[in-house]
Amino acid sequence: MSLVLYNDLTRTKEPFIPVRKGHVGFYSCGPTVYDYFHIGNARPFIVFDVLRRYLEYSGYTVTFVQNFTDIEDKMIARANREGITVRQLADRFIGEYYKDADALGVRRANHNPLATEHMDEIIGLVSTLIEKGHAYEADGDVFFDVSSFPKYGALSKQSLEELQSGARIEINERKKHPLDFALWKAKKEGEPSWPSPWGEGRPGWHIECSAMSMKYLGETLDIHSGGTDLTFPHHENEIAQAEAATGKPFVKYWIHNGYLLIDKEKMSKSLGNFLTARAALEKFPARAIRFFMLSAHYRSPINFSEESLLQAKSAMERLDNCWSDLGHAITNRKKGERTEGNETAALFPALEEKFRAVMDDDFNTAAATGVLFDGVKTVNTYLKESDLPDPAVLEAAETFFRKLDSVMGILPPEASGEEGESAGIEKLIAERNEARKRKDFSRSDEIRDELAARGIVLEDTPEGTKWKKKG
RNA sequence: GGCGGCAUAGCCAAGUGGUAAGGCAGAGGACUGCAAAUCCUUUAUCCCCAGUUCGAAUCUGGGUGCCGCCUCCA
């Protein structure tokens, strides 16, 4: 088995074969850093983080690039409103991006290029396009000439005529074709600008991704991802810019995630129906948010709701219980225990194989969560039925969870031992167990309630009383 | 108008020809001083109609409903 990906360019699932054997160049469109990102924006960050991790799990060396758009209309508008520079605004929200993305368990990219730091590459690309007759200057603006690029519309499967007929774009007299788009915008009053062969100005939005992705990943990328709303025009334009300039295929696999909906409607800043990732993180554990995102296929729309997140949270608690029970069993294992658990131990590699199979099929994280919980069930059943667990089973189980978690990133973090607190809790538990021996249940329940008020949950098991923090 | 997506149990959601994964919630049982956790049992003929097929949630045609893109947007 090997990975098969749904390629939006061909609208079919295709075997994944990278340009360079063993290596993957992966570019994902990043945020415009004019505000906190919302939970809908978080979807691609999380799902493509998982795809990247899966590629690494599968043995590829991945170069993952995600840009920050730091010069753009909304950036300028907000900076002016707040009386700060665009650069200051960008610095601020890049910092905020990392806070939230880190909290969500999104691994950092290998490169996070900024448009404003790649003016040479951008201007170089625009110059090439003009030289090759694919772009033209008009009063300090430079436009891409869509009619010079026959493949235009290949990604969105629309002809120029079809695209135009439904278009709601403003007529611009200086454009040769209504769908021509800006590569370079002449400076306006109150806007940051950079020198260029066409005068002072700033880059259009689409050009930065073409220029920066090719700089870091070469002229043909393996994977380019983003939200499905970027298919047109953003990604269509990226293809036009890159391929008109290089004459080579720009991207082998285009993948787009479905929207996150709220009240059955797309969550977006312009609709005003958004919840920032930060606000979501205050309400729900990050791992529950990740699990929620992974519980549906990445191309399907998912509906964000309080109920869905609470369900995800409960599912995580089940995983936590299993993981902590497994940890207890491992910590407390004794020498000379049984070693006849081979059959059970063998279940885990088989489950991992299943995980691999479903993930290889266009990255089916929803099915993968099923496999994860098959593992949970297997562990729970084994621990219940086995008084003296076979270390081989425990190790196989732990390996299974760690391997899957290297991709999904939803296991609880390692318990941080706050020494003093633990000792105090242990003491109370001992006192409670004394009371239970005396059958002084009112005292023992009092202690349990006291701990519960501190978020400590007790479990009486044949091996003694366990405690854990309730998240 | 063009392009595209979705419709599976109370809720979330896999499954694309051989009689429905997984999670949440519910019910009954086991265990427990009571709990908690866990285990066992239990809860669906897959939007509707017609067709193809020995056989369809899965293919074809038609219908209904919902959503998105074609403008900034993950």
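Brief remarks on what is shown
- Checking each residue in the range A:289-323 for being without any contact (Cβ under 8 Å) to a residue 24 or more places away in the chain, touching a helix residue (DSSP H, G or I) at 6+ places or on another chain (Cβ under 9 Å) and either charged (D, E, K, R) or not in a helix (DSSP H, G or I) (or both) picks out only A:E306.
- Some residue of the range A:178-192 being without any contact (Cβ under 8 Å) to a residue 40 or more places away in the chain, touching a Lys or Arg at 6+ places or on another chain (Cβ under 7 Å), more than 11 Å from RNA strand B (Cβ to nearest atom) and not in a strand (DSSP E or B): no
- Among residues of the range A:434-444 being part of a helix (DSSP H, G or I) and more than 9 Å from RNA strand B (Cβ to nearest atom), the one that is farthest from the chain's Cα centre (by Cα) is A:K437.
- Condition met for A:A138 (farther than 25 Å from A:G25 by Cα and buried (at least 19 other Cβ atoms within 10 Å of the Cβ)): no
- Subset of the range A:197-222 [of a type in the set (D, E) and buried (at least 21 other Cβ atoms within 10 Å of the Cβ)]: A:E208, A:D222
- Number of the exception - A:A286 against (1) within 11 Å of RNA strand B (Cβ to nearest atom); (2) touching a Gly at 6+ places or on another chain (Cβ under 7 Å): (1)
- Search result, residues across the range A:1-32 that are closer than 30 Å to A:D73 by Cβ and in contact with an Asp or Glu (Cβ under 6 Å, 6 or more places away or on another chain): A:G25, A:T32
- A:T10 satisfies every condition listed in (1) within 16 Å of RNA strand B (Cβ to nearest atom); (2) more than 15 Å from the chain's Cα centre (by Cα); (3) in contact (Cβ under 8 Å) with a residue 24 or more places away in the chain; (4) not in a helix (DSSP H, G or I) except (3).
- Residue match in the range A:230-243 (condition: surrounded by fewer than 17 Cβ atoms within 10 Å (Cβ to Cβ), more than 16 Å from RNA strand B (Cβ to nearest atom) and within 18 Å of A:M119 (Cβ to Cβ)): no
- Any hit, the range A:420-443, residues being under 27 Å from A:T365 (Cβ atoms) and surrounded by 13 or more Cβ atoms within 10 Å (Cβ to Cβ): no
- Residue satisfying all of: in the range A:305-323; more than 9 Å from RNA strand B (Cβ to nearest atom) and over 18 Å from A:K377 (Cβ atoms); modelled with the lowest pLDDT among these: A:E306
- Only one entry in A:A366, A:A345, A:A392 is in contact (Cβ under 8 Å) with a residue 40 or more places away in the chain and near RNA strand B (Cβ under 9 Å from one of its atoms), namely A:A366.
- Positions within the range A:206-237 being out of contact with any helix residue (DSSP H, G or I) (no Cβ under 7 Å at 6 or more places or on another chain), in a helix (DSSP H, G or I) and either under 20 Å from A:D73 (Cβ atoms) or polar (S, T, N, Q) (or both), in sequence order: A:S213, A:T228, A:D229, A:L230, A:T231, A:F232, A:P233, A:H235, A:E236
- Pick from the range A:51-73, criterion within 14 Å of RNA strand B (Cβ to nearest atom) and within 13 Å of the chain's Cα centre (by Cα), ranking: farthest from A:I255 (Cα to Cα): A:Q66
- Scope the range A:267-298; condition of a type in the set (A, V, I, L, M) and under 13 Å from the mean Cα position of the chain (by Cα); matching residues: A:A277, A:A286, A:I289, A:M293, A:L294
Okay, residues lined up against (1) modelled with pLDDT of 95 or more; (2) in a helix (DSSP H, G or I):
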site: A:I239; (1), (2): yes, yes
site: A:A244; (1), (2): yes, yes
site: A:Y253; (1), (2): yes, no
site: A:S268; (1), (2): no, no
site: A:N273; (1), (2): no, no
site: A:R287; (1), (2): yes, yes
site: A:D325; (1), (2): no, yes
site: A:E340; (1), (2): no, no
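The values are calculated or read from the model by the stated rules, or taken from the named source; none is laboratory data. Just so it is clear, the structure is predicted and the values come from calculations on it, not from any experiment. Please note: Cβ atoms are built from the backbone with ideal geometry, for glycine as well, and neighbour counts cover all protein chains shown.
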